[in-house]
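Undergrad: Quick one: the structure is below, questions incoming.
Values in this text are rule-based calculations from the coordinates and carry no lab data. Being a predicted model, the structure only gives us computed values, none of them experimental. Here the Cβ positions follow ideal geometry from the backbone for every residue, glycine too, while neighbour counts run over all protein chains shown.
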Amino acid sequence: MSGRSPDDDGDDGYRSRGLSTEAFRSSLDHLDRGHLASVVLAAVGAILSLFVASTLFPYLSVNHDEGVYLQQADLLLHGRLFLRPPVEESFRPWFFVDGAEGLYSKYAPVPAAVFALGRLLGGYSLATAAISASLVAGVVALGRELFDTRVGVLAGVLLLGTPLFVVHAGLFLPYALTTTLNVAFAVWYLRGERRESVRDAALAGLAVGVAFFARPYTAVLFALPFVGHALATAVRSRVWRVQTDTSQSETRGLLVRRIVTATIGSVGVLVALGYNAVVTGDPFVFPYLAFAPTDGVGFGRHALLGHAVDYTPELALRANALVLRDLFAEWVVAGPLGTVTAAVGLLLVFVVGVHGSSGVEGGGDRVRPALLAATYLTVAGGNVAFWGNYNVLGSLASDTDGLVHYLGPYYHYDLVVPTAVFAAVAVVAAVEWLRETVPAWLARRDGVGADRAPQVVVAILVVGAVVASGVGAAVVGARVAPNAGVTEEYSAGYAPFDDGPPEESVVFLPATYGPWLNHPFQALRNDAAYDGRAVYALGDTRELDVASRFGDRDLYRYVYTGTWVPTDDSTVRATLVPVDRLAGERLAVNATLARPATVTGTTVRLATDRGSAYLVGTDAGGSLSLSVVVEDGTVSVTGPTLEPTGSDGSVALDESDEVHVEVFVDTGPTGGYSYEVTFPVESRGGTHRALSPTAERCPVPDRCVPVALDDSGPDRGTNATVSDGSARR
């Protein structure tokens, strides 16, 4: 495969010809079309990223790591590595580690730093746009470096149609960024060898060093073939025997390049280890291992929070086979068609003998593309030892479960690059074959091949392009659709915040997935100074301390009904409920609970940290009125039709406590439901402090409907008020 060298662009531009029309036209004639195409494709990549981020992921994705990176980015924008929340238990974000100096992210800061730079320039999405543009430009450059301009440009086009690229173009995750750094390393390494350039060798070292800091294992797996080549060529040239005579200048240059790349790359490793020492206290303990010591590479028992598995080699091979199947069937350009095309490209290069640009020391034309092709082996093989590939699958028996169904096999993201490049090789070779074959075929057929051949070739290419584009669009659409469904559900859940949160507010969020912020509500994040328009805190977790810390802000609770599972095709309904602060020697919560006209029984349970009491209803049904009174260090429940059983209906309070009242309405042998009223209370020096309660109706246990969203009918309604004589918002 021929074409001009990628380094033939030295005479592009105006130079010193002046601004005459003739000089301008001459400069256009000499303009490097490859670079121009690269710029255009990079711009398309940036626009695509902004479009995906704003339309497909306006509330971020099902991967809650996005909120982690954006929280870390905000932390960096405030010039900090550690988060110091005003009430730690109420403000602990997802995947942050509790360290000696404060909370820190379990992830390396490189992706977050890039996202932070985008925010400085105008918005976080500018960072993902820049990453997408850079990756497209890098793939074009890699294709040009290994083959020619046609392959490079087409590889960039194919990358733009790759589902994994499209979906991740709008995500605040590290995989596209790390691949961009890896591609930059490959381009600069290959250029450095061809040009014998120390500058390019230095840039290669910088890229791989930063990639290591961002994602060490990912960077190592991609770099292995290039490292092997560097070592092999150094050994073969016997760099240790370099003399001072000029005949050894080429070998001395190789030695210098190796030293420069290794030295600068090692700086990235040292910076990563230094960062570890600062945040974890041990240079060899990475933050993700400080968070979960068995969440690493290798076989055996691995665990992350409550999820654990014995990751055996057999399980690893099975899981990775499924991941690779998904990658090449659904997530590379045009799915199976793209996979087959890339395989043909590999055969053309390494069997038929379609070579790339001029070889480097230590190998012929096949060596340079072989380095890229070898990443298939190192990335796929190395990931077998990483149990994350088991986790992304969810249930191994389901094709629609796990993060892989929505975001793809992102630990193998690097492999979209060789797939795009070698598929481009096959397409360009096919075009060349058509241009050579069709005229001869037509000449044999009717003797007019020379006249009709261009039109026939164009027609074949147009039909082929339309078919391939249709297949590619269908594959992309199939992978976008599940995420669009998730966003639709998110839109309903975040509806109370459509116009932004209330100004100068504190919003208590439910602990849906455990005691974490940003999990699952990663679109509702605090800034590092906790002084944004809204401050988000965990509900039912030291709420009174939060209310005191932010005494000048109004309080709200975010409540929803339904199940917060954005992948189950059912939406939730949500609202914001104002919360009152209360203080006094005596507090009272008065509730009216609707019941059917006839019930078989009503039971009331009052509970605090110190104990519980029970009451029963003595009436036949209808509305039930009760009062929950906090006074003299105790809490009691009274009502005109309630009678205590075995006590006076009161329970002692701790200094800091939570009052829980459950009313079970028995409607027959197969029926019944309950009401729950809960509020925090603090008793000190004869004064009680509380917040207005949450009230819910529970058709079945663990499936409760907040009163503010309950539309079940007049015999299921709830009305709860609280008073202390000086209630204030």
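Undergrad: Between T400 and E436, with labels modelled 7 Å along Cα→Cβ, what's the label distance in nm to one decimal, could you check?
TA: 4.8
Undergrad: Obtain the nm distance between the two label points defined at L231 and A343 by a simple spin-label model: each point lies 7 Å from its Cα along the Cα-to-C-beta direction.
TA: 3.2
Undergrad: To the nearest 0.05, how large is the calculated FRET efficiency for E88 and T634 if R₀ is 41 Å and r is the Cβ-Cβ distance?
TA: 0.85
Undergrad: 222 nm [θ] for the chain, helices only, -39500 (n - 2.57) per DSSP H run of 4+, per residue, to 500?
TA: Estimated from H runs of four or more residues: -15000 deg cm²/dmol.
Undergrad: What does the extension gain come out to for D609 and T670, with contour length at 0.36 nm per residue minus their alpha carbon separation?
TA: 18.8 nm
Undergrad: Between A529 and W564, what FRET efficiency comes out of the Förster formula 1/(1 + (r/R0)^6) with R0 = 25 Å and r the beta carbon distance, rounded to 0.05?
TA: After rounding to 0.05, the efficiency reads 0.30.
Undergrad: Let me ask something else. Using the Kirkwood radius over C-alpha pairs as Rh, can you work out the diffusion coefficient of the stretch 561-628 via Stokes-Einstein at 10 °C, viscosity 1.306 mPa s, in µm² per second?
TA: It diffuses with D of about 99 µm²/s by this estimate.
Undergrad: Okay, next question. Which three extents, in angstrom, do the Cα atoms of the stretch 647-698 have along their principal axes, listed largest first?
TA: So the three principal-axis extents are 48, 26, 11 Å.
Undergrad: Which ³J(HN,Hα) values in Hz, rounded to whole numbers, follow from the phi angles of the stretch 647-655 under the Karplus curve 6.51 cos²θ - 1.76 cosθ + 1.60, where θ = phi - 60° and Gly and Pro get x?
TA: 7, 8, x, 10, 9, 6, 10, 6, 4
Undergrad: Where in the stretch 418-439 is the amide nitrogen less than 18 Å from a point lying 7 Å along the Cα-to-Cβ axis of V458?
TA: Hits in the stretch 418-439 for V458 at 18 Å: 431-432, 434-439.
Undergrad: What does the charge add up to near G205, with Lys and Arg as +1, Asp and Glu as -1, over the other residues with Cβ less than 12 Å from its Cβ?
TA: +2
Undergrad: Where both partners of a DSSP beta bridge lie in the chain, what percent of those bridges are antiparallel, to the nearest 5?
TA: Taking every DSSP beta bridge within the chain, about 90 percent pair in antiparallel fashion.
Undergrad: Explain nothing, just the number: relative contact order of the chain, from Cα pairs under 8 Å at least 6 residues apart, as a whole percent.
TA: Value for the chain: 12 percent.
Undergrad: Now for a different question. With a sphere of radius 12 Å drawn around the Cβ of Y175, what net charge do the other residues whose Cβ falls strictly inside it have (Lys, Arg +1; Asp, Glu -1)?
TA: So the surrounding residues net to -2.
Undergrad: Enumerate the calculated ³J(HN,Hα) couplings along the stretch 510-523 in order (Karplus 6.51 cos²θ - 1.76 cosθ + 1.60, θ = phi - 60°), each rounded to whole Hz, writing x wherever the residue is Gly or Pro.
TA: x, 8, 4, 10, x, x, 9, 8, 6, 8, x, 8, 6, 6
Undergrad: Turning to a different aspect of this structure: Based only on other Cβ atoms within 10 Å, what is the fewest-to-most ordering of T251, T678?
TA: T678, T251
Undergrad: Here's another thing I want to ask about it. How would the stretch 93-249 be classified by its alpha-carbon gyration tensor: rounded, prolate or oblate, with rounded meaning a/c under 1.5 and the a/b versus b/c comparison settling the rest?
TA: oblate
Undergrad: Moving on. With 10 angstrom as the radius, rank L371, L177, L48 by how many other C-beta atoms surround their C-beta, starting from the fewest.
TA: By the 10 Å Cβ count, ascending, the order reads L48, L371, L177.
Undergrad: How high is the relative contact order of the stretch 495-573, given as a whole-number percent (alpha carbon pairs under 8 Å, six or more residues apart)?
TA: Averaging sequence separation for qualifying contacts and normalising by length gives 35 percent for the stretch 495-573.
Undergrad: Can you tell me the length gained on complete extension of the stretch D499 to T618, counting 0.36 nm per residue apart and subtracting the Cα distance?
TA: The D499-T618 span can extend by a further 38.1 nm.
Undergrad: What nm distance separates the two modelled labels at V700 and E585, each placed 7 Å from Cα along Cα→Cβ?
TA: Rounded to a tenth, the inter-label distance reads 4.9 nm.
Undergrad: Scan around S105 for amide H atoms under 5 Å from its own, H built in the peptide plane at 1.01 Å from N, and keep only partners 5 or more places away or cross-chain.
TA: Sorted by chain and number, the residues that satisfy this are V97.
Undergrad: Can you give the angle from 0 to 90° between the axis of helix 449-493 and the longest principal axis of the chain, with both taken from C-alpha atoms, to the nearest 10?
TA: Helix 449-493 sits roughly 20 degrees off the main axis of the chain.
Undergrad: Additional query: Against the 2.2 N^0.38 Å scaling, with N counting residues, where does the stretch 581-723 land? I'd like the Cα-based Rg ratio to two decimal places.
TA: Rg over 2.2 N^0.38 Å, computed on Cα atoms: 1.01.
Undergrad: Find the Rg to Rh ratio for the stretch 177-336, where Rh is the Kirkwood radius over alpha-carbon pairs and Rg uses the same atoms.
TA: 1.08
Undergrad: Something else now. Would you mind ranking R301, R689 by Cβ crowding within 10 Å, fewest neighbours first?
TA: The fewest-first ordering by Cβ neighbours comes to R301, R689.
Undergrad: Using only the alpha carbons, work out the radius of gyration and Dmax of the chain in angstrom.
TA: Cα only, the chain: 32.4, 110 Å (Rg, Dmax).
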